[in-house]
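Since the structure comes first, as structure tokens, the remarks are kept for the end.
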Amino acid sequence: MTIGRILVLGGTGILGQALTRRLGPDRCITTGRHRRFAGTVPFDALTEAVEPVIDGAGGLDGVFLMMGLTSPDICAARPQDAWQLNVEAVHRAVQACTARGLPIVFLSSEVVYDGQQGAYRETDAPAPLLTYGRLKLEAEAIVAAARTRTVIARCARVLGSTPGDGTLVTDLMARLRRGETVHVAADQRFSPLLDDDAASLLLGLLQTKANGIFHLAGPDGLSRLEIAEKSRRWLEKHRPAWPLGKVQPALMRDFPTLEPRPRDVSLRIDRLTAAVSMVPTDIDGIVAACGMRQTYPPLRSI
Ligand SMILES: NC(=O)c1ccc[n+]([C@@H]2O[C@H](COP(=O)([O-])OP(=O)(O)OC[C@H]3O[C@@H](n4cnc5c(N)ncnc54)[C@H](OP(=O)(O)O)[C@@H]3O)[C@@H](O)[C@H]2O)c1
């Protein structure tokens, strides 16, 4: 199957932007609520019907469900608001897609797991600690019960490589090159994934007619501290003239959150790589991609 057009409900975030870069705005129709890019269709899933958005996009090969309140602390502070968007509005979108026989790709999260074990497989039992994770799991059940083809992508932390994009490595590198000491948790592990790889893998899953739950993650499980140390080492080696800040080990408890975060949500991706015949970039490749785009003196927000 060659992908013609897709609709991304909630496509103004890092994943929707990566899909748009990959397919172009004519083949990747994105909706957003507050943010707007060229071609973004304004859509508020809490107050507007989803059917006209789907029918307006026309000739779709699939619908990606990505809209949501995605900050764990906001979900914990406003669980009812989060439920309305992350579960109820997703349910309405699922019904609309099912009625039209459209394949659904739903973006779930690594935090459906409790983080006690790490290196999770899709067959491991979810047990979310966070409200955000519980809502994702509730939405997964709705998607899984739909009478249309569905892919549930349990997604790890997505990293961009564009300076200023607010993702982990670009942010760490910007702070290090400003000479800051960065404090990073040694006891939080996950399997980071490059945004462009995430787009390719998601499109691959749609294209190969895959069905069911897939981990969407990079090949390495590692801690924030390990990622920060690799980032610093890359800059030290390739940008030796830059006066860099230091990396200081810390623990998750040093960064208070409304709910305790899972410790190790690293994911195995054997099922994903077998389905799409593609292995995503490893952490050294991600760090290099981010490092190559760093400039000195550092870019400051204007
Ligand atoms: N990024 C990650 O590391 C990561 C990891 C695991 C899972 N995921 C999942 O992947 C999906 C995409 O994540 P992301 O980081 O690219 O996106 P994001 O920046 O969290 O953005 C969420 C999207 O939802 C939209 N939205 C918010 N309120 C809405 C409403 N009332 N009606 C309709 N749309 C609304 C936002 O629109 P505006 O911004 O225009 O308001 C945005 O397009 C999410 O479902 C997230 O849970 C992401």
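Restricting to bridges with both residues inside the chain, how much of the DSSP beta-bridge set is antiparallel, in percent to the nearest 5?
5 percent
For the pair the stretch 241-297 / the stretch 144-170, the C-alpha centres are spaced 14 Å from each other. With a ≥ b ≥ c taken as the square roots of the eigenvalues of the C-alpha gyration tensor of the stretch 141-232, please select rounded if a/c is under 1.5 and otherwise prolate if a/b is larger than b/c or oblate if it is not? In terms of gyration-tensor shape, prolate. Applying 1/(1 + (r/R0)^6) with R0 = 25 Å to the Cβ-Cβ distance of Ala38 and Ile74 gives a FRET efficiency near 0.35.
Using helices alone, what [θ] at 222 nm do you get for the chain, with -39,500 (n - 2.57) per DSSP H run of 4 or more residues, divided over all residues and rounded to the nearest 500? Mind dumping the intermediate values first?
Details: 11 runs with 107 residues, N = 302.
Value at 222 nm, helices only: -10500 deg cm²/dmol.
Note: relative contact order over the chain, using C-alpha pairs below 8 Å and six or more positions apart, is 20 percent.
Among the lysines, which fall within straight-line cross-link reach of Lys246, defined as a Cα-Cα distance under 26 Å, with same-chain neighbours fewer than 8 residues apart omitted? The reachable lysines, counting only those whose Cα sits under 26 Å from Lys246, are Lys230, Lys237.
Taking Lys and Arg as +1 and Asp and Glu as -1, the other residues whose beta-carbon sits under 13 Å from that of Arg149 total +2. Scanning the chain for trypsin sites (Lys or Arg not before Pro) that sit in a DSSP loop and have at most 10 other Cβ atoms within 10 Å, the longest stretch containing none of them is 148-299.
Read-outs throughout are calculated quantities, based only on the coordinates presented, and are distinct from any laboratory measurement. No experiment lies behind these values; they were computed from the predicted model shown. Note that we place each Cβ from the backbone using ideal geometry, even for glycine, and neighbour counts take in every protein chain shown.
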